[in-house]
Amino acid sequence: MTLWIIARVTFLEAARRKILWTALLAAAAFLALFATGMHYQVRDAHFTRVPQVLRYQILSSILQIGFYAIDLLAVLMTVLTSVDTISGEIASSTIHAIATKPIRRSHLLLGKWLGFAAMIAVYVALVFSGVFSVGYFIAGVRSHGALEGASLIYLECLVVLTATFLFGTLFSTLTNGVVVLGMHGLAFIGGWLEQIGTVTQSDRLITLGILSSIIMPSESLWRRASYVMQSTTARSLDLSPFATRSAPSGIMIFYAAVYLLVALCAALHHFRNRDL
Amino acid sequence: MLLGLVKPSSGHAKILDQPFSSVAVRRKIGFLPEDFRFYDWLTASELLTLHGRLSGLTPAQLRDRVPAFLDLVGLMAHRERRLRGFSKGMMQRIGLAQALIHEPELVFLDEPTSGLDPMGRRLVRDIIRDQRKRGATVFLNSHLLSEVEITCDSVVFIKQGEVIGSRDLHGAPDGEIHVHIRAQNLRQEILSGLAQWTTSAQLTGEILILSTSSMDTLPEILRFLVSSGADVFEFTPRRLSLEESFLKIMGEDQGL
């Protein structure tokens, strides 16, 4: 019961403090730009000499760039909105009035996690639908495996959210933000190294990429999402720098889910045992 | 630590006959922290509803108690206003309401009158008295000793985490008593004779200030002075104020 009260108040906080609305406004600005770009690409490009199949794949690749952008926005929104929720409330003593109520600390943390998870679900659903709609209605391109892709992007956000919660129980807000974004940056670079390694057939680069995914599996989830949303033709054509040449396997998805659970358990453990 | 905010390094404790780590026991406890912050995006009414729900009140109870407690702390007119716009005094009032809304058996109030104007301080005193009448025990933690003296039944002095003294403020008189005496012919042998009842004696001109541990000794001291030939013009016993007790027990200010 208390868990749901905290989840509800956390979600309400996001709405009331305009965090969610500001993030959605930023996403809407991006979608407007993306839709305009897609519109002119469709209208102005000299496609007359381009075969229909290639034209479709080019637009599909642009759509992929859109998904990449909202993935980045979703991860940033996840970190920026949740980075302060544990460490900030401890530092400001706001947590004292709540934690002294008849509520288990685990329920307090899980309630907050669920509140943010719900808010991020709304955000990802809206912005993903926005990009999907731009592709479908303006360019006539339908993304393959959209639902699976959206689910993977959401899982990526949950992994980042859980890491933010874990480090929020250990560090100050600023340190937490630096650590989580730093880890995501590491995963991002590692993902590129792995892709370059695949093209240049460098085992060392691929190993570095896999290692970075083990440290932080967020980027590998995006690459899997990108992979499942591309058609086979688009993958083989490599039209976009954001096309995925080396897709993480199902084992990596399983690893990310386990990573999330372990990080959540560690966050609960630290939060239960620390002074507030 | 009793409220579960700080983990003990060792040992155990009970509160209301239950282990202090018990979550259930906190239904019977109210707490107003000193460094008092709340979700400032909530309205006063929403805040009380949230804290009431967390404390286990039913929706029906909340419907009655939220307006009643807003009224109690004088914030009824501001019930739909967000806390972001509240002054320090208003925050103290809403904080007091959230600590009491579930009618706890035990209430911890940490500096509840800091930031309040005289009217607000009086309101807090009245509320604490009402809690006492209701049968609740109120722990008032304060450095405003005049407030403590007016409000509390007993006081405990704590220094560096250890109880170093206590005093009953409304029970039978005890503790050190100062006696202010104006007299003439106070010879040295008289002063020496007083030592059997007093812990200290300081003579300045005609003014003698004695310290004694019990009111029972006062008639004997007065009889001794008169029978020894001293001319007594004034004999006024005075108990130590709480502030004097505090300074005496705590000793020198060590900048702590």
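Can you tell me which of B:94, B:15 is under 21 Å from residue B:125 (Cβ atoms), touching a residue at least 24 places away in the same chain (Cβ under 8 Å) and more than 10 Å from chain A (Cβ to nearest Cβ)?
Details: B:15 fails: under 21 Å from residue B:125 (Cβ atoms).
Answer to the selection: B:94.
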Among the residues of segment A:7-22, which ones are under 19 Å from residue A:110 (Cα atoms) and modelled with pLDDT of 85 or more?
A:7, A:8, A:9, A:10, A:11, A:12, A:13
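Can you tell me which residue among A:78, A:2 is under 17 Å from residue A:121 (Cα atoms) and among the hydroxyl-bearing types (Ser, Thr, Tyr)?
Values: A:2 fails: under 17 Å from residue A:121 (Cα atoms).
Just one listed residue meets the conditions, A:78.
So in segment A:23-47, with the set limited to residues that are of a type in the set (Phe, Trp, Tyr) and modelled with pLDDT under 90, which one is surrounded by the fewest Cβ atoms within 10 Å (Cβ to Cβ)?
Going through segment A:23-47, the residues of a type in the set (Phe, Trp, Tyr) turn out to be A:30, A:34, A:40, A:47.
Now restrict to residues that are modelled with pLDDT under 90: A:40, A:47.
Numbers: A:40: 11, A:47: 15.
Ranking the qualifying residues of segment A:23-47, first place goes to A:40.
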In segment A:136-147, which residues are closer than 14 Å to residue A:231 by Cβ and assigned to a helix (DSSP H, G or I)?
A:146
With in a helix (DSSP H, G or I), modelled with pLDDT of 95 or more and touching a helix residue (DSSP H, G or I) at 6+ places or on another chain (Cβ under 8 Å) as the only criterion, which of A:180, A:131, A:127, A:160 stands out?
A:160
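Conditions tested, residue by residue: (1) at pLDDT 90 or above; (2) in contact with a strand residue (DSSP E or B) (Cβ under 8 Å, 6 or more places away or on another chain); (3) not acidic (Asp, Glu).
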residue: A:193; (1), (2), (3): no, no, yes
residue: A:202; (1), (2), (3): no, no, yes
residue: A:259; (1), (2), (3): yes, no, yes
residue: A:266; (1), (2), (3): yes, no, yes
residue: A:275; (1), (2), (3): no, no, no
What number of residues in segment B:1-20 are crowded, with 16+ Cβ neighbours inside 10 Å and over 23 Å from the mean Cα position of the chain (by Cα)?
0
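Pick out the one residue from A:100, A:173, A:164, A:94 that is touching a strand residue (DSSP E or B) at 6+ places or on another chain (Cβ under 8 Å) and of a type in the set (Val, Ile, Thr).
Details: A:173 fails: touching a strand residue (DSSP E or B) at 6+ places or on another chain (Cβ under 8 Å); A:164 fails: touching a strand residue (DSSP E or B) at 6+ places or on another chain (Cβ under 8 Å); A:94 fails: touching a strand residue (DSSP E or B) at 6+ places or on another chain (Cβ under 8 Å).
Checking each option against the conditions leaves just A:100.
Between A:122, A:50, A:83, which is modelled with pLDDT of 90 or more and out of contact with any Ser or Thr (no Cβ under 6 Å at 6 or more places or on another chain)? So that I can check it myself, show each step before the final result.
Numbers: A:50 fails: modelled with pLDDT of 90 or more; A:83 fails: out of contact with any Ser or Thr (no Cβ under 6 Å at 6 or more places or on another chain).
Exactly one of A:122, A:50, A:83 is modelled with pLDDT of 90 or more and out of contact with any Ser or Thr (no Cβ under 6 Å at 6 or more places or on another chain), namely A:122.
Of all the residues that make up segment B:142-164, how many are more than 25 Å from residue B:70 (Cβ to Cβ), touching a residue at least 24 places away in the same chain (Cβ under 8 Å) and not small (Gly, Ala, Ser)? Full working, then the answer.
Kept after step one, since they are more than 25 Å from residue B:70 (Cβ to Cβ), are these residues of segment B:142-164: B:143-146, B:148-150, B:152-164.
So of that shortlist, the ones also touching a residue at least 24 places away in the same chain (Cβ under 8 Å) come out as B:143-146, B:148-150, B:155, B:157, B:159-160, B:164.
Adding the requirement that they be not small (Gly, Ala, Ser) leaves B:143-145, B:148-150, B:155, B:157, B:159-160, B:164.
Selection size over segment B:142-164: 11.
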So residue A:96, is it within 14 Å of another protein chain (Cβ to nearest Cβ), over 24 Å from residue A:157 (Cα atoms) and of a type outside the set (Ser, Thr, Tyr)
yes
Counting just the residues of segment B:55-77 that are in contact (Cβ under 8 Å) with a residue 24 or more places away in the chain and either loosely packed, with under 13 Cβ neighbours inside 10 Å or β-branched (Val, Ile, Thr) (or both), which one comes out farthest from residue A:99 (Cα to Cα)?
B:73
For segment A:65-80, indicate whether the set of residues that are in a helix (DSSP H, G or I), modelled with pLDDT of 85 or more, more than 28 Å from residue A:18 (Cβ to Cβ) and away from every other protein chain (no Cβ under 14 Å) is non-empty.
yes
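Scan segment B:48-64 for residues that are in a helix (DSSP H, G or I) and either among the polar types (S, T, N, Q) or under 27 Å from the mean Cα position of the chain (by Cα) (or both) and jot them down.
Those that are in a helix (DSSP H, G or I) and either among the polar types (S, T, N, Q) or under 27 Å from the mean Cα position of the chain (by Cα) (or both): B:48, B:49, B:51, B:52, B:61.
Against the definition (crowded, with 17+ Cβ neighbours inside 10 Å and more than 14 Å from chain B (Cβ to nearest Cβ)), how does residue A:131 come out, yes or no? Quick ask: steps written out before the conclusion?
Values: crowded, with 17+ Cβ neighbours inside 10 Å: yes; more than 14 Å from chain B (Cβ to nearest Cβ): yes.
So residue A:131 passes the test.
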Go through B:8, B:67, B:104, B:59 for me and flag whichever is modelled with pLDDT of 90 or more, more than 9 Å from chain A (Cβ to nearest Cβ), closer than 25 Å to residue A:275 by Cβ and out of contact with any His (no Cβ under 8 Å at 6 or more places or on another chain).
B:104
For segment A:1-57, how many residues are within 12 Å of chain B (Cβ to nearest Cβ), part of a helix (DSSP H, G or I) and aliphatic (A, V, I, L, M)?
8
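Quick one: would you say residue B:235 is closer than 30 Å to residue B:149 by Cβ and either touching a helix residue (DSSP H, G or I) at 6+ places or on another chain (Cβ under 8 Å) or of a type in the set (D, E, K, R) (or both)?
Working: closer than 30 Å to residue B:149 by Cβ: yes; either touching a helix residue (DSSP H, G or I) at 6+ places or on another chain (Cβ under 8 Å) or of a type in the set (D, E, K, R) (or both): yes.
Here the answer is yes, as residue B:235 does meet what is asked.
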Given the conditions (1) crowded, with 17+ Cβ neighbours inside 10 Å; (2) more than 14 Å from every other protein chain (Cβ to nearest Cβ), which single one is not true for residue A:90?
(2)
In segment B:19-56, anything among the charged types (D, E, K, R) and more than 7 Å from chain A (Cβ to nearest Cβ) is listed as B:28, B:34, B:40, B:46
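Checking the structure you have, find out if any residue of segment B:78-86 is touching a residue at least 24 places away in the same chain (Cβ under 8 Å), in a loop (DSSP other than H, G, I, E, B) and under 28 Å from residue B:169 (Cβ atoms).
no
Under the condition of being part of a helix (DSSP H, G or I), of a type outside the set (Val, Ile, Thr) and touching a helix residue (DSSP H, G or I) at 6+ places or on another chain (Cβ under 7 Å), which residue from segment B:111-130 is surrounded by the fewest Cβ atoms within 10 Å (Cβ to Cβ)? It would help to see each step written out before you state the result.
Let us first name the residues in segment B:111-130 that are part of a helix (DSSP H, G or I), namely B:118-130.
With the extra rule that they be of a type outside the set (Val, Ile, Thr), the set shrinks to B:118-123, B:125-126, B:129-130.
Restricting the remaining residues to those that are touching a helix residue (DSSP H, G or I) at 6+ places or on another chain (Cβ under 7 Å) gives B:120-121, B:125.
Numbers: B:120: 20, B:121: 21, B:125: 16.
The qualifying residue surrounded by the fewest Cβ atoms within 10 Å (Cβ to Cβ) is B:125.
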Which condition breaks for residue A:147 when tested against (1) aliphatic (A, V, I, L, M); (2) free of Cβ contacts under 8 Å to residues at least 24 places away in the same chain; (3) within 30 Å of residue B:47 (Cβ to Cβ)?
(3)
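The values are calculated or read from the model by the stated rules, or taken from the named source; none is laboratory data. Only a predicted model underlies this, so the values are computations on that prediction, with no experimental measurement involved. Glycine gets a Cβ as well: all are built from the backbone with ideal geometry, and neighbour counts include every protein chain shown.
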